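Worksheet for the structure shown next.
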Amino acid sequence: MPRAVTVLIAGGGPVGMTLALELARLGVASMLVECNASTTRHPKMDITNARSMEIFRRLGIAGALREVAVPEENNFDVAWITSLTGHELHRFRYPSVIEWRRLIEQQNDGSLPGEPPMRVSQVEIEPRLQRAVLAAPLIEGRWGVTFEEFDEDARGITAKLRTPDGQRELVACRFLVGCDGGASRVRSCMDIGLEGRARVAERFMTHFRSDARSVLQRFGIAWHYQSPAGTLIAQNDHDIWTLQTRWPDGVTPHSIDPDRLVRAFAGTSFGFDVLVANAWTPHLLVARSYGGPRVFLAGDAAHQYIPTGGYGMNTGIGDACDLGWKLAAVLRGFGGPALLASYHAERHPIGVRNREASARHADVRHEIARVYHDGLFADGPSGDRARAEAGRRIALIGNAENESFGVELGYAYATSPIICRDPGAQIPDDPVHYVPTTVPGVRVPSVILSDGQAIHDRLGPWFTLLCLGVPASKALIEAAADCGVPLRVVVLDEAVVRRVYGPVLLLVRPDQHVAWRGRACEDRGKAHDVVRTCLGWG
């Protein structure tokens, strides 16, 4: 007889672990299986954006993750150079975590996130997530166990696993989620295709250790040093670095010398030890379907991007946040038949939107690369003039890749079947600039209240009725009780609330997105319609 679990998560990367933690937060047990025996040694990402950090804060693990991140006083600068031994042409300057916190406190107008972004390698973040997973009583985390395939019938799902000793194990589950990467076995078993462009470039990654900061930080601390030859990523601003380069022309991947690539980018020889080196191929792909009704995809199994913009893992964290509360609501008995179907309706458009943003950012890098010419490497006044002009042109082209807060914070579930739309309301859609709004479908803007607490921290684990400068709605409170959904009522009336939100009632979902808004709701029938719509009962 197969073992029985409630939710089986295939894949133990950041997305799978976040989903397991989200389910546990809401009282749902899960089993997580990961084919690798340990967390990754490949630095697949190096930025956790502000929205992901808000989600991790909600899970209570933001502090633990920051302990392994780059020191909070270090900047997020991106600099374009001729080489590490040549010249810096232009530096895009970005605040440190400490400076971010100061800006959030001082500005406090809803336009900034509740948490600063975080520079951290996936090599460092995964063990901290794993520690949280293994400490959670409702999660059975199993590394070295491979998901192979599944069968589905009227009774449910039976997954076939392979244990570290080669034995086959059967697991029966109510729901299965494939967080198992770009080559997802779950997606393959579901025969779901991908849309977009595959193999958009050929890249080579060299991950190395070196304390030669006189070379690697010759222009000072920066997150990225970039040139047409590649990008040097400072993983910890101390001794761990990653160089992303193109394949040299006429060279096959297996014959690439990573040492030579590093020395060529630096423009000099220095001491370093290669930790990991491999060729890889980025894609711009999104799954045609995110699955359902009992099997779903999240993270790289659902979408694959060029790293520009850092949308890969961060989009996946949003997937886990969205799907987690919906699975939990259905399993707790108050989620309706349309709730899980709304996962694709909400997250697939975000997956496509972020794919296109990633492509735009890559095009900008190509545009900047065309600024480079041989004159930039000349000595004397002519070289100085050429470099100054190149720096001016790079500054004008810009670096939206690291400034697109409209993409990161402003995404909205505007057409979702479980959002009570506000007729005529317009949702800002500028990919660069985030404009705070409370239109149903958006994330609630973040502000700090007069007692120093963030409004996001006042939200309940399930639904929250925010009463901002207006009385609470008795009808909505009773409707939530009738539907069996836990509801926290938060009444606030202070200057920052009036300034940012105005007088309004907001029904907020467990993922911090607005489900409904209005000035009042005292009609019992309307209140029931609102709550039932938001729970997927139609």
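Every number here is computed from the coordinates shown, using simple stated rules; none is lab data. Everything numeric in this text was worked out from a predicted model, so none of it was measured. A quick note on method: Cβ atoms are made from the backbone with ideal geometry, for glycine too, and the neighbour counts reach across all protein chains shown.
Which loop-located trypsin sites (Lys or Arg not before Pro) does region 309-397 contain, where loop means any DSSP state but H, G, I, E or B and the Cβ has at most 13 other Cβ atoms within 10 Å? Kindly include the intermediate steps, with their values, before the conclusion.
Details: sites: Lys326, Arg332, Arg347, Arg353, Arg355, Arg360, Arg365, Arg370, Arg385, Arg387, Arg392, Arg393; in loops: Arg370.
Counting only loop positions with at most 13 other Cβ atoms within 10 Å, the trypsin sites (Lys or Arg not before Pro) in region 309-397 are Arg370.
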**Study point:** Phi to ³J(HN,Hα) by Karplus 6.51 cos²θ - 1.76 cosθ + 1.60 over region 66-81, Hz, x for Gly, Pro
**Key:** 5, 4, 10, 8, 4, x, 5, 7, 8, 7, 10, 5, 10, 10, 9, 10
Point to revise | Nearest 10 degrees, 0 to 90: helix 311-332 Cα axis against the chain principal axis | key: 20 degrees
**Study point:** Computed [θ] at 222 nm, helices only, for the chain once each DSSP H run of length n ≥ 4 contributes -39500 (n - 2.57)
**Key:** -10000 deg cm²/dmol
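For the chain, what is the relative contact order in percent, using Cα pairs closer than 8 Å and at least 6 residues apart in sequence?
Numbers: 1163 pairs, mean separation 82.5, N = 538.
So the answer I get is 15 percent.
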Point to revise | GluC sites (Glu not before Pro) restricted to region 445-538 and DSSP loop, no more than 12 other C-beta within 10 Å | key: Glu522
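Taking the square root of 5 times each eigenvalue of the Cα gyration tensor, what semi-axes in Å does the equivalent ellipsoid of the chain have, largest first? Intermediate values should be presented prior to the final figure.
Details: eigenvalues 335, 179, 74 Å².
Largest first, the chain gives 41, 30, 19 Å.
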Review point. In whole angstrom, how far apart do the alpha carbon centroids of region 134-164 and region 1-65 sit?
Key: 14 Å
Check your understanding: In degrees between 0 and 90, to the nearest 10, how far off the longest principal axis of the chain does helix 97-107 point, with axes built from Cα atoms?
Key -> 50 degrees
Practice item. Can you tell me the 0 to 90 degree angle between the C-alpha axis of helix 474-483 and the longest principal axis of the chain, rounded to 10? Key: 90 degrees
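Out of all DSSP beta bridges in the chain, what portion is antiparallel? Express it as a percent rounded to 5. Provide the component values of the computation, followed by the final result.
Details: 61 of 89 bridges.
Close to 70 percent.
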Practice item. Provide the three semi-axes, in whole Å and in decreasing order, of the ellipsoid equivalent to region 224-312 as defined by the square roots of 5 times the Cα gyration tensor eigenvalues. Key: 33, 16, 12
**Study point:** For region 450-463, Karplus couplings with θ = phi - 60° (6.51, -1.76, 1.60), whole Hz, Gly/Pro x
**Key:** 5, 8, x, 8, 6, 4, 4, 6, 7, 6, x, x, 10, 7
Exercise for review: Can you quote the Å³ per residue value for the convex hull of the Cα atoms in region 412-534, rounded to an integer?
Suggested key: 103 Å³
Point to revise | Backbone HN-Hα couplings from phi across region 345-359 [Karplus 6.51/-1.76/1.60, Hz, Gly and Pro as x] | key: 4, 8, 8, 4, x, 5, x, 5, 4, 6, 4, 5, 5, 4, 5
Study note, to complete from the structure: Result: in the chain the number of Lys pairs with C-alpha under 29 Å apart, spaced 8 or more or on different chains, is 6
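Pull up the DSSP beta bridges for region 412-534 and report the antiparallel fraction as a percent, rounded to 5.
Taking every DSSP beta bridge with both residues in region 412-534, the antiparallel ones total about 65 percent.
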Exercise for review: Would you mind calculating the gained length between Arg370 and Val68 on full extension (0.36 nm times residue separation, minus the Cα-Cα distance), in nm to one decimal?
Suggested key: 105.0 nm
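Within region 134-202, report the trypsin sites (Lys or Arg not before Pro) that DSSP leaves as loop and that have at most 14 other Cβ atoms within 10 Å.
Details: sites: Arg142, Arg155, Lys160, Arg162, Arg168, Arg174, Arg185, Arg187, Arg197, Arg199; in loops: Arg155, Arg199.
Passing sites in region 134-202 are Arg155, Arg199.
If you take the beta carbon distance between Gln167 and Arg392 as r and set R0 to 51 Å, what does 1/(1 + (r/R0)^6) give as a FRET efficiency, to the nearest 0.05?
Computed FRET efficiency for Gln167 and Arg392: 0.20.
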